[in-house]
Amino acid sequence: MLKTALITDRRYTAHRPGSAHPERPERVEAMIEMADGLRRDELKFIAPREAELDELELCHERDYIASVARTAGLDHYAFDPDTRTSPESFRIALLAAGGVLTAVEAVLEGVVDNAFAIVRPPGHHALPARAMGFCLFNNVAIAAAWLLQRRGLKRVAIVDWDVHHGNGTQEIFYYSPDVLYVSTHQFPQYPGTGAVDEIGEGAGAGYTVNIPLPAQFGDAEYLRAFDELIVPACREFKPEFILVSAGFDCHFRDPLGAMRVTEAGFAGMIRRLKQIAAECCRGRIVAALEGGYDLKALADSGQAVIEELGRETDEPIVAAAGGEAVMPVIERARRAHARI
Ligand SMILES: [Zn+2]
């Protein structure tokens, strides 16, 4: 068995964006309850630390960080109709960004083989100077920038299978050849970005890979996309660390998404990424929670990913059968990237 760290904390329930809000405290409660049921020697529970302000500044503008800090203690504040805060939200957002950093540190130090950061609020919509889409700080992007700038890594891959496009992550690294950002997402969907021809610019051209998928695609199409495009793109990039924006809102039960991924699909996706990590970077991979709004789907999918992270991986990647419906999207993405 591989040793997996789970980074989480009941304090994540203290961010309360509103009574009817789908990104609710119960999400992390469901994940913690599931994780408590998994306790075994190979799972190491680690408490998150808060991110430092200068760590947030790796991805966010100082004035924007100050605007989030000013919400501390306020009964509520709305950056936009979706993205609301409560008195503790700033602190909990520091703990979310810090939770992914804690996971990355544990893997770098060899305390564990890999890790899953069960954090909220999520991060992948957060832009350098703007909160949106339930996100305040871009937890995964901050961890990637931290690996590059604070630990001297040369290449970090971010794979984002949340049902929504991670526009914040894309924007932060759009001009960078040091971060490969790969996203599968329902399209069209919120936030509207993530077309195949968004491939990065300047030195970053080719290092953003978007795979926009029509509604109703499920395990076969997702795994085919991984086998045809994501696995080869990651192999060519040779990441020194893999970060996963693990949103479970592409699960078939999710109320916000319209995709049909099951627990087996999530296991298949993390298995492939873990195998790439084993090939390229001594297995260094950290998954971080993004979306996922059906509590049972969230817990069951999280469990599938955590169990897969714990499995030894000497077997080669076995390409999935079926999923031919995804091939037109794959071909379009290949053509967009062939032009550079
Ligand atoms: Zn999402």
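FYI, it's all coordinate maths here, none of it is from the lab. Fair warning: this is a prediction, and the values are worked out from it, not measured in the lab. With ideal geometry, Cβ positions are generated from the backbone for all residues, glycine too; neighbour counts draw on all protein chains shown.
In the range 29-108, counting only strands (runs of 3 or more DSSP E) that sit wholly within it, the ones holding 1 or more residues that are within 21 Å of L309 (Cα to Cα) span 43-46. Filter the range 260-293 down to the residues that are more than 17 Å from the chain's Cα centre (by Cα) and over 18 Å from F241 (Cβ atoms) and list them by number. Answer for the range 260-293, where residues must be more than 17 Å from the chain's Cα centre (by Cα) and over 18 Å from F241 (Cβ atoms): R260, T262, A264. Got at least one residue in the range 322-339 being over 30 Å from K154 (Cβ atoms) and not in a helix (DSSP H, G or I)? Yes, some residue in the range 322-339 is over 30 Å from K154 (Cβ atoms) and not in a helix (DSSP H, G or I).
The number of residues in the range 269-296 being touching a Gly at 6+ places or on another chain (Cβ under 8 Å), part of a helix (DSSP H, G or I) and closer than 30 Å to H21 by Cβ comes to 0.
Each row is one residue, and each column tells you yes or no for (1) small (G, A, S); (2) crowded, with 20+ Cβ neighbours inside 10 Å.
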| residue | (1), (2) |
| --- | --- |
| Y207 | no, yes |
| F217 | no, yes |
| E221 | no, yes |
| A225 | yes, yes |
| L229 | no, yes |
| R235 | no, no |
| F241 | no, yes |
| A246 | yes, yes |
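Within the range 136-173, the residues that satisfy the criterion of being surrounded by fewer than 24 Cβ atoms within 10 Å (Cβ to Cβ) and either more than 17 Å from H60 (Cβ to Cβ) or under 11 Å from the mean Cα position of the chain (by Cα) (or both) are R151, G152, L153, K154, R155. Considered as a group, the residues in the range 223-255 that are in a helix (DSSP H, G or I) and either within 16 Å of the chain's Cα centre (by Cα) or more than 15 Å from V182 (Cα to Cα) (or both) include one that is farthest from the ligand (Cβ to nearest atom), and that residue is C234.
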